[in-house]
1. Restricting the first residue to region 41-53 and requiring it to be touching a residue at least 24 places away in the same chain (Cβ under 8 Å), which pairs with a second residue that is among the β-branched types (Val, Ile, Thr) and surrounded by fewer than 18 Cβ atoms within 10 Å (Cβ to Cβ) meet a Cβ separation below 8 Å and a spacing of at least six or different chains?
2. Out of the residues in region 42-61 that are more than 17 Å from residue 12 (Cβ to Cβ) and in contact with a Ser or Thr (Cβ under 8 Å, 6 or more places away or on another chain), which is modelled with the lowest pLDDT?
3. Would you confirm whether any residue within region 85-96 is within 14 Å of residue 45 (Cβ to Cβ) and either of a type in the set (A, V, I, L, M) or in contact with a Phe, Trp or Tyr (Cβ under 9 Å, 6 or more places away or on another chain) (or both)?
4. Working carefully through the options 62, 103, 33, 23, find the one that is more than 23 Å from residue 155 (Cα to Cα) and part of a helix (DSSP H, G or I).
5. Kindly provide the set of residues from region 1-35 that are more than 18 Å from the chain's Cα centre (by Cα) and without any contact (Cβ under 8 Å) to a residue 24 or more places away in the chain, ordered by number.
6. Tally up the residues in region 107-145 that are of a type outside the set (D, E, K, R), buried (at least 17 other Cβ atoms within 10 Å of the Cβ) and in a helix (DSSP H, G or I), please.
7. When you go through 77, 94 one by one, which is the residue that is more than 20 Å from residue 20 (Cα to Cα), assigned to a loop (DSSP other than H, G, I, E, B) and of a type in the set (Lys, Arg)?
8. Do you know which of the residues in region 63-103 that are in contact with a Cys (Cβ under 9 Å, 6 or more places away or on another chain) and farther than 16 Å from residue 150 by Cβ is surrounded by the most Cβ atoms within 10 Å (Cβ to Cβ)?
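The values are calculated or read from the model by the stated rules, or taken from the named source; none is laboratory data. Not measured: the values here are computed from a predicted model. Because the Cβ atoms are built from the backbone with ideal geometry, glycine has one as well, and the counts that use them run over all protein chains shown.
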Amino acid sequence: MSAPVVLRSEPDFTESFEPFQERLAETISWCLRAVKLGPFGTALRTMAYVPPPSLPWPDTVRAVAEARLKILGRSWRRTLDPLGGGELLTYRTRHPGSGGGARDASEGYFDGRDIPPWDTWVAWIEELDRQYLVCWVPPEAMAVAAAGIGVAEGSLAWLAASENPVLGRLKR
């Protein structure tokens, strides 16, 4: 079986994987601070940059990342581990959700449509047969995220458990 081909991504990593790695590092830096502020469902949904309504997914992901970076400024540092001790997951937007089951199982980490907290959003990827959001899960939230994934297997999955073009390019 051949590897999936990325048709479009935000950030665009068709020429270089550096934009993805940079966005991931920014996301990790932000989330490692935010996760200490309270319950994951609220601590990782910064109200200063709520996703804009009715934009296409790539534009929404870009808007969230740009707003997060503007607030983060130059005060962030890369972790030694490219994944900051956490893991990447995918959210398939066109797959039927769990009907709120992921929200309940994850203690609010996922919302009622199985969407991960927007502070954790890293990239949007479109392939021939699927489109998905790539998110970073902080180490502190691994257990609740796993519980949500367990009841929403169609819409949520660990990136490491799927055939994915990002995996092969991500240096661990």
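1. Pairs that qualify, where the first residue is touching a residue at least 24 places away in the same chain (Cβ under 8 Å) and the partner is among the β-branched types (Val, Ile, Thr) and surrounded by fewer than 18 Cβ atoms within 10 Å (Cβ to Cβ), are 46/71; 49/71.
2. Of everything passing the filter in region 42-61, 52 is modelled with the lowest pLDDT.
3. Within region 85-96, the first condition is being within 14 Å of residue 45 (Cβ to Cβ), and the residues that meet it are none.
Scanning region 85-96, I find no residue that is within 14 Å of residue 45 (Cβ to Cβ) and either of a type in the set (A, V, I, L, M) or in contact with a Phe, Trp or Tyr (Cβ under 9 Å, 6 or more places away or on another chain) (or both), so the answer is no.
4. On the way: 62 fails: more than 23 Å from residue 155 (Cα to Cα); 103 fails: more than 23 Å from residue 155 (Cα to Cα); 23 fails: more than 23 Å from residue 155 (Cα to Cα).
The unique qualifying residue is 33.
5. If the condition is that a residue be more than 18 Å from the chain's Cα centre (by Cα) and without any contact (Cβ under 8 Å) to a residue 24 or more places away in the chain, then 2, 14, 15, 16 are the ones that fit.
6. 5
7. Working: 77 fails: more than 20 Å from residue 20 (Cα to Cα).
Result of the check over 77, 94: 94.
8. As a first pass, look at region 63-103 and keep what is in contact with a Cys (Cβ under 9 Å, 6 or more places away or on another chain): 84, 86, 88-91.
Within this subset, residues satisfying the condition of being farther than 16 Å from residue 150 by Cβ are 84, 86, 88.
Values: 84: 20, 86: 24, 88: 22.
Only one residue fits best here, namely 86.
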